[in-house]
Amino acid sequence: MSRTVYVNGEYLPEEDAKISIFDRGFLFADAIYEVCSVIDGRLIDFEGHFQRLERSSGELDLNLPASRDEILEIHRELVRLNGIQEGLVYMQISRGSADRDFVFPKDSKPTIVLFTQQIPLQEMIDRPKGIRVISIDDLRWARRDIKTVQLLYPSMCKMMAKKAGADDAWLIQDGCVTEGTSNNAYIVTKSGTIVTRQLSNDILHGVTRAAVLRLAREAQMQVEERPFTIEEAQNASEAFITSATNFATSVVSVDGIAIGSGKPGPVTARLREIYAEECRRQAI
Ligand code: PDD
C-alpha cells in the first residue's frame, strides 16, 4: 500500500514525492536526520529527537526549515494519515539544492522529507531476541555526535556482520568499543554495573541512551560512563544495545564468545521493561 509522505510543505503519495538531483543530501550527504519511534500511535521522546536535530543543524550551519511545533505537527499528521500504531517516523533535512560545489551555497532552501515505517515494536518488547555482534575497526569520520546521513560505513559493517553469521557490529577505536553501527553499546559487569562509553564526538548522543541511563540511576542501578574493551564485554555478565527502534536489546555473543549465559539477561530485561513503561507514559 502506498504511504503518504511529506516533502517541503506537502503531504503526497510516496510515488509522487520528488526532490532535486542537485540536492546536497544526495550529492554530498550534506543532510541530517532523526528517527522517532511510535507506540500506541504516539511519538516516543519527540523532545529528545528535536533537541538533537537542533544541535546537529547548529554544528553544520544548516538552518532548520520549520519550527519545533511545525515539525511535531508533521510527525503527528503522518502517523495519523498512515494509521501507524507501532513504527517510526524518519525525518531528513538537507541543505537543499544548488550547483555542485564543495562550498556551502549561501541561499539554498533546506529540503525536508518525512516518512513513516510500520514496525512490530510491541512484539520486540514482549518477545525480545538476543543479537550476536562482531567487532570491526571504527573507520567513520570523527564527528559521530552529528547525526548525518553518511551511513555507508555503518551499512558496510552490517553487511560484514551478516557475512560472518552475526547480526550487527560493535566498532572499535584504540582498543575500545565506541558504539554499534546504529545503536549505543553497553555491558553489565559481574558486579552488576552498567558500563557505556561517555559522551564525546566519538559517538552519537543517543536519545534512548539518555533515557535508559536516567531510569537505571533512578532504579538505584550502578552506571559507569567509560570506554570498555571487547575482552571486558566477553567476560561481562550481560551486554546490550539501545536505539530508538531497538529499545534495550541483549547482545548474546561478541566475536563468537557467548556473554554470560549466552541468553538475554535480566538487567537488560528490566531496563527494557522500565523504558517501555516510561515510553507509554511520556509518548505524545
Ligand atoms: N540510529 N549510535 C548510532 C551510530 C546511531 O545511528 C543511533 C541511532 C544510535 C542510537 O540513538 P537513539 O537512541 O537516539 O536512536 C546510536 C537510528 C535509530 C537509525 O539510524 O536508524
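The values are calculated or read from the model by the stated rules, or taken from the named source; none is laboratory data. Everything numeric in this text was worked out from a predicted model, so none of it was measured. Neighbour counts are summed over all protein chains in view; Cβ atoms, including those assigned to glycine, are modelled from backbone coordinates with ideal geometry. Areas reflect the complete protein model, heavy atoms only, side chains present, ligands, DNA and RNA absent. Shrake-Rupley method; radii C 1.70, N 1.55, O 1.52, S 1.80 Å.
Peptide packing: for 102-115, 75-88, the average count of neighbouring Cβ atoms within 10 Å per residue gives the ranking 75-88, 102-115, highest mean first.
Magnitude of the charge dipole for the chain, about its Cα centre and with charges confined to Cβ atoms of Lys, Arg (+1) and Asp, Glu (-1), is about 440 debye. With contacts taken as Cα pairs under 8 Å at a separation of at least 6 residues, the range 1-121 carries a relative contact order of 35 percent.
A Förster radius of 35 Å combined with the Cβ-Cβ distance from TYR90 to ARG226 puts the calculated FRET efficiency at roughly 0.65. As a calculated quantity, the FRET efficiency between GLU10 and VAL149 at R0 = 25 Å, using C-beta atoms, amounts to about 0.75. Surface analysis of the chain yields an accessible area of 48 Å² per residue, using protein heavy atoms and a 1.4 Å probe.
Dividing the mean sequence gap of close Cα pairs (under 8 Å, 6+ apart) by how many residues the range 151-284 holds gives a relative contact order of 20 percent. Projecting label points 7 angstrom from Cα along Cα→Cβ for MET159 and GLU277 puts them 4.3 nm apart.
Rounded to the nearest whole Hz, the Karplus-based 3J(HN,Hα) values (6.51 cos²θ - 1.76 cosθ + 1.60, θ = phi - 60°) of the range 255-261 follow the sequence 6, x, 9, 5, 9, x, 6, with x at glycine and proline. Stretched out straight at 0.36 nm per residue, the stretch from ILE284 to GLN51 would grow longer than its current Cα-Cα span by 82.3 nm. If you take the beta carbon distance between ARG68 and LYS263 as r and set R0 to 41 Å, what does 1/(1 + (r/R0)^6) give as a FRET efficiency, to the nearest 0.05? So the FRET efficiency works out to roughly 0.45. The string of couplings for the range 112-119 from the Karplus curve (6.51, -1.76, 1.60, θ = phi - 60°) is 10, 10, 9, 8, 10, 9, 7, 9 Hz, one whole number per residue in order, with x for Gly and Pro. Couplings 3J(HN,Hα) of the range 24-33, computed from phi: 6, x, 6, 7, 10, 6, 8, 7, 10, 8 Hz, in residue order, whole Hz [Karplus 6.51 cos²θ - 1.76 cosθ + 1.60, θ = phi - 60°; x for Gly and Pro]. As a fraction of the 1.4 Å probe accessible area of the chain, surface on carbon and sulfur atoms comes out at 51 percent. Taking N as the residue count of the range 150-214, its C-alpha radius of gyration divided by 2.2 N^0.38 Å amounts to 1.19.
Residue ranges 228-236, 159-167 sort as 228-236, 159-167 when ordered by packing (mean number of other C-beta atoms within 10 Å per residue, highest first).
Within the straight-line cut-off of under 20 Å between alpha carbons, the lysines reachable from LYS190 are LYS263, sequence neighbours fewer than 8 places apart in one chain being disregarded.
Partners of LYS106 within straight-line reach, counting aspartates and glutamates whose Cα lies under 12 Å from its Cα and excluding those fewer than 8 residues away in the same chain: ASP61. Relative to the longest principal axis of the Cα atoms of the chain, helix 266-282 runs at roughly 30 degrees. Our helix-only sum for the chain, with -39,500 (n - 2.57) per DSSP H run of n ≥ 4 divided by its residues, gives a mean residue ellipticity at 222 nm of -9000 deg cm²/dmol.
If you take the charge dipole of the chain about its Cα centre, with +1 on Lys and Arg Cβ and -1 on Asp and Glu Cβ, which of HIS75, VAL177, VAL251 is farthest toward its positive end? Checking the options against the dipole of the chain, the answer is VAL251. Contact order, relative form, for the chain: 19 percent (alpha carbon pairs under 8 Å, 6 or more residues apart, mean separation divided by residue count). The lysines whose alpha-carbon is closer than 17 Å to the alpha-carbon of LYS162, local same-chain residues fewer than 8 away aside, are LYS129.
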